[in-house]
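Since the structure comes first, as structure tokens, the remarks are kept for the end.
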Amino acid sequence: MNPLKSIIGTIASGIVISAILMFIYKDGASHPAGITVWIHALAGVAWIGLLYYFNFVQVPGVGQALAEANDGGPGAAGINKYIAPRALLWFRWGALVTWLSGASMLAQYGILGDAFMLKGGAAVIGIGAWMGTVMLFNVWILIWPNQKKILGLDGKTHEPAVIAKAKFVGLMASRVNTVLSIPMLLTMTAYGHGGLPF
């Protein structure tokens, strides 16, 4: 049985290898937030990776597919039916797990309040936490509900004007998230590596 033939088997294999590494290299000096940091990084890579996929690959690809549909091209139906819903599932839950694990990590380090109040040494990571909070809001309140309309995942039929508005709102929220992801990642890495690079 090859675990790499399924996504569950692939993920489980990565977790098993990680557990083995944690067992072999446990030196007694691990930080209690270590697992939370790992989960935060994994979920964040999934979330931001999919954000970049949507903005850099899928949106332009669907636009091109729609433009070429009248000339015998395949159109966007395959992407919209099979790929987008699955990508959106991982995207929105990756966003939530990233935010929850980030807040948990700040709490475990004892800086949750200072971070969100932008106090002292926690101000830099707090700026990133606020950006992540805005991004999470955009995912669940603006992007996902509008994508359900666009892709017909809400079980309703919508007028073209409603779809057009949903496309605009969803795209703008996604682009805001792309913009915010760049300084957010700067603040997150800066906090753990000595501050902002001036």
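Some observations on this one:
- With respect to the chain, whose longest principal axis is taken over its alpha-carbon atoms, helix 34-53 is tilted by about 20°.
- GNM result for the chain, Cα springs below 10 Å: residue of Ala33, Ala129, Ala95 fluctuating most strongly: Ala33
- Between region 56-106 and region 139-198, the alpha-carbon centres lie 11 Å apart.
- Nitroxide proxy distance, nm - points 7 Å out along Cα→Cβ at Asp71 and Met1: 4.9
- Within region 137-198, the proportion of C-alpha pairs whose separation exceeds 12 Å stands at 70%.
- On Cα atoms only, tilt of 160-192 relative to the major axis of the chain in degrees: 20
- Remark: Phe168, Phe116 ranked as Phe168, Phe116, counting other beta-carbon atoms within 10 Å and listing the fewest first.
- Taken over region 34-192, the convex hull of the Cα atoms encloses 110 Å³ per residue.
- Packing-based order for 10-19, 173-182, using average beta carbon neighbours within 10 Å, highest first: 173-182, 10-19
- With both labels modelled 7 Å from their Cα along Cα-to-Cβ, the Val162 to Ile15 distance reads 3.9 nm.
- Once the Cα atoms are used to define both axes, helix 84-108 deviates from the longest principal axis of the chain by about 20 degrees.
- Likely footprinting exposure, His31, His158, His40, fewest C-beta neighbours within 10 Å first: His31, His158, His40
- Cβ-Cβ FRET estimate between Arg175 and Trp93, R0 fixed at 25 Å, reported to 0.05: 0.70
- Neighbour-count ranking [beta-carbon atoms within 10 angstrom, fewest first] of Asp114, Asp154: Asp154, Asp114
- Once the Cβ-Cβ distance of Lys26 and Thr133 is raised to the sixth power relative to R0 = 45 Å, the FRET efficiency obtained is 0.85.
Each reported figure results from applying straightforward, stated rules to the coordinates on display, with no laboratory input. What you are looking at is a predicted structure, and each value in this text was computed from that prediction instead of being measured. Heads up, the Cβs are rebuilt from the backbone with ideal geometry, glycines too, and the neighbour counts pull from every protein chain shown.
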